Each structure stands twice: as C-alpha cells, then as structure tokens.
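The values are calculated or read from the model by the stated rules, or taken from the named source; none is laboratory data. Just so we're clear, the structure is a prediction, and the values are computed from it rather than from any experiment. Quick reminder, even Gly has a Cβ in these numbers, built from the backbone with ideal geometry, and neighbours come from all protein chains shown.
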Amino acid sequence: MSATRHTLDIFCRVIDNLGDAGVCLRLARRMAGGFGWSVRIFIDAPEVIAPLVPPGLTGLDVLPWHAAERESTAFAACVIGAFGCDLPAAYRARMAAQRAAGESAPRWLNLEYFSCEDWVAGSHGLPSPQADGLSKHFWIPGFRAGSAGVTVLPDASAARAPRPAGAPLRALLFCYPYAPWAAWIAQAGQGSQAIELWVPAAGHGLNAACTGVVTVFHEPLMDQAQFDGRLAELDFAFVRGEDSVVQAILSAVPFIWNIYAQDDGAHRPKLAALLDWWCAGLHRDAAAVMQQVHQAWNGPGWPQATTDAPSLWQRYLDVLPMLSEHARRVARRVRAEADLGTRLSQWVG
C-alpha cells in the first residue's frame with residue numbers, strides 16, 4: 001500500500017516485561033511497514049524494547065517516556081495509550097488546548113488486552129468522553145467478530161521445511177516461572193519421542209536442563225523478526241502472555257499458553273474463551289486434550305503418570321498431528337481477515 005502522511009504515537013508503560021513492549025512494537029512495525037505511517041513509541045523502559053527491534057526499520061522511532069513531555073514534541077494524528085496507561089500530562093494538555101481552540105484533536109484510543117470473550121463485541125470501539133473535552137475510544141484486540149482483530153505481519157511460516165521422518169520434535173519453552181515446566185520436562189524426558197527444546201533468554205528463571213529424550217538449547221534474546229522466524233519452524237510451543245500466543249496462532253504452531261495470572265481470577269475465563277474459539281471444528285478427542293493440558297499448565301501442577309493410563313504428555317503427542325493440521329486451518333482463516341492495522345488505518349481515515 002502506498003505511503004500516507006499519517007503519524008502515530010504509542011505510549012507504553014511496561015508491566016509484563018517483554019509482552020507489553022512486544023505488542024506495541026508489533027503494531028508499530030505493521031503501521032510503519034505496511035501503511036507508511038511515521039510511528040513513535042514512547043516507553044518508560046526503552047532498554048526492554050531496544051533488543052526486540054529488528055534492524056533496518058524505517059518510519060519508527062523508540063523514545064523514552066519523558067521525551068513526550070517536552071513542549072517541542074508535537075502530537076501525532078493518532079495517539080494510542082497501551083493497556084490503560086494515561087498519556088503524559090503535558091502531551092495531553094497540548095491535545096486538549098487544540099481541541100478547546102476549535103481545531104480537530106488527534107484520534108485517541110486505548111489499546112486493551114487481547115481477549116476472545118463474548119463481552120468484547122459490545123465494548124470494542126466505545127467512546128469515553130473526558131473532562132478536558134477530549135474523547136478516547138476503547139480498542140480490544142481479539143479473534144472473534146466485533147473485536148479489533150490482531151496485528152498481522154508477513155507470514156514467517158511460509159518457508160517452513162517439513163520435518164524428516166523420525167527427527168526430534170522442535171519446541172519452545174517460554175513461560176512464567178510458576179508454570180510446572182520442571183515436572184513436564186521430567187515426564188517428557190521419560191518418553192520415547194525425542195524433543196529439541198528451545199529455552200530463550202527471556203524465559204527468566206528457567207534453568208531447564210536436558211532430561212532423557214529432551215535436549216535443551218538455551219539461546220540469547222532475539223529481535224522480534226528473528227523470534228517469529230524461529231517460532232514458525234516449531235512443531236509445538238509453550239508460550240506466555242499475549243504477544244507470543246497470538247503469533248503462534250498466526251504461525252500455525254500448536255500452542256500451550258501460560259496466561260498471565262491475575263489475583264481476581266480474571267485470566268481463567270479469558271483462557272477458556274481462547275480455547276473455545278481455537279478448538280471450534282477440532283476433533284473432540286484433540287480438543288479434550290488441549291483443555292486438559294492447559295488446565296495442568298495453568299493450574300496446580302503437571303499430573304504424574306500412572307501405570308494404568310497414558311500420561312497427559314503422551315496423550316498430547318498422540319493428538320499432535322490433528323492439532324497441527326487444525327493450526328494450519330485456523331492460521332489461514334485468521335490471515336484472510338482484516339487485521340488490527342487495517343482497521344486502524346480505516347478508522348483514522
């Protein structure tokens with residue numbers, strides 16, 4: 001698509017370390033590379049996002065949060081506050097002053113966390129008038145109709161090479177420290193299926209070691225494009241937070257999601273909603289295993305094997321071919337729909 005004159009400022013306060021920064025960077029890359037927008041990310045932890053930025057990007061600047069407070073910093077045509085963060089006071093005051101002078105203010109939206117829950121369709125896009133005369137709109141990413149969609153970048157899975165017969169399965173272990181990863185590795189290591197397990201440096205606190213048929217590779221932090229390319233090559237992936245689970249789905253990789261746990265339990269219906277959406281049309285046996293694996297991974301612990309029934313991990317391996325084929329169908333369907341970047345471009349006009 002030809003370049004436009006549109007400008008976009010994204011504001012991000014880091015809460016979930018790489019996750020929040022990753023979501024903002026992915027959207028910035030989409031708008032700069034796909035639509036020719038000039039994009040700035042103002043972030044309170046530039047050191048978090050800097051290693052994730054692929055080299056050679058044009059139309060994108062990453063700036064410290066306080067840079068937006070300067071009087072010389074003009075605001076953009078579209079302004080995004082990521083995950084409920086407010087705008088810097090001086091920046092917002094300049095927006096309000098322009099609105100009070102009778103001129104058009106920037107389009108302002110609050111980019112919410114991703115969800116497939118039913119309530120999203122009734123909340124996405126709603127305006128929220130502010131006391132200073134400004135108005136922001138709630139944008140809620142998701143896969144279901146009525147949501148903002150998700151950010152879609154070029155498909156890194158297109159060049160995926162087939163796995164030779166008998167070769168080890170390739171996998172990612174990217175989870176929060178409280179996931180039962182050690183118990184899973186112990187169970188998987190006692191099986192007959194060899195696994196090459198990639199543990200990125202971003203998986204803080206995971207000192208995973210080789211066990212039985214599980215060979216562990218610890219690798220340094222990659223930029224986002226490198227990560228996406230590696231992810232697309234995998235046979236399955238343990239992913240955490242929002243950014244990596246969405247990217248696994250877009251890359252047609254069977255996933256096991258370690259959702260960010262909240263004290264009020266709000267993560268449980270969110271996890272259930274995603275599984276219900278993704279498992280639609282999947283064979284009931286495979287869908288049941290997906291549900292059980294996610295309950296174990298996000299619950300009290302990974303179940304121990306018994307002598308009178310296959311282990312949970314063996315049952316997952318048994319249905320993995322069905323999961324893989326279903327993952328390809330889901331990815332094709334999602335990529336055929338208008339993504340968040342397209343809808344944002346149309347909304348701003």
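Overview of results
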quantity	calculated
Selection status of LEU87, in contact (Cβ under 8 Å) with a residue 12 or more places away in the chain, more than 22 Å from the chain's Cα centre (by Cα) and not in a strand (DSSP E or B)	yes
Of residues in segment 254-310 being over 26 Å from PHE83 (Cα atoms) and of a type in the set (Ser, Thr, Tyr), the one modelled with the lowest pLDDT	THR307
Cross-chain or 6+ apart pairs with Cβ under 8 Å, segment 94-121 first and part of a loop (DSSP other than H, G, I, E, B), then among the hydroxyl-bearing types (Ser, Thr, Tyr)	SER115/SER147; CYS116/SER147
Residues located in segment 22-69, provided they are part of a loop (DSSP other than H, G, I, E, B) and closer than 20 Å to ARG343 by Cα	GLY36, TRP37, GLY59
Strands (runs of 3 or more DSSP E) completely within segment 154-220 that count 2 or more residues being crowded, with 20+ Cβ neighbours inside 10 Å	169-173, 195-200
Condition check for ALA121: surrounded by fewer than 19 Cβ atoms within 10 Å (Cβ to Cβ), assigned by TED's automatic domain parsing to the domain that holds VAL330 and within 25 Å of the chain's Cα centre (by Cα)	no
Residue within segment 309-329 that is outside any helix (DSSP H, G or I), over 20 Å from the mean Cα position of the chain (by Cα) and touching a residue at least 24 places away in the same chain (Cβ under 8 Å) present	yes
Residues of segment 241-267 that turn out to be over 25 Å from ARG163 (Cα atoms) and outside any helix (DSSP H, G or I), as a count	11
Pairs, first farther than 16 Å from PHE174 by Cβ in segment 252-274, second of a type in the set (Gly, Ala, Ser) and part of a loop (DSSP other than H, G, I, E, B), C-beta under 6 Å, six or more apart	HIS267/ALA261; LYS270/SER115
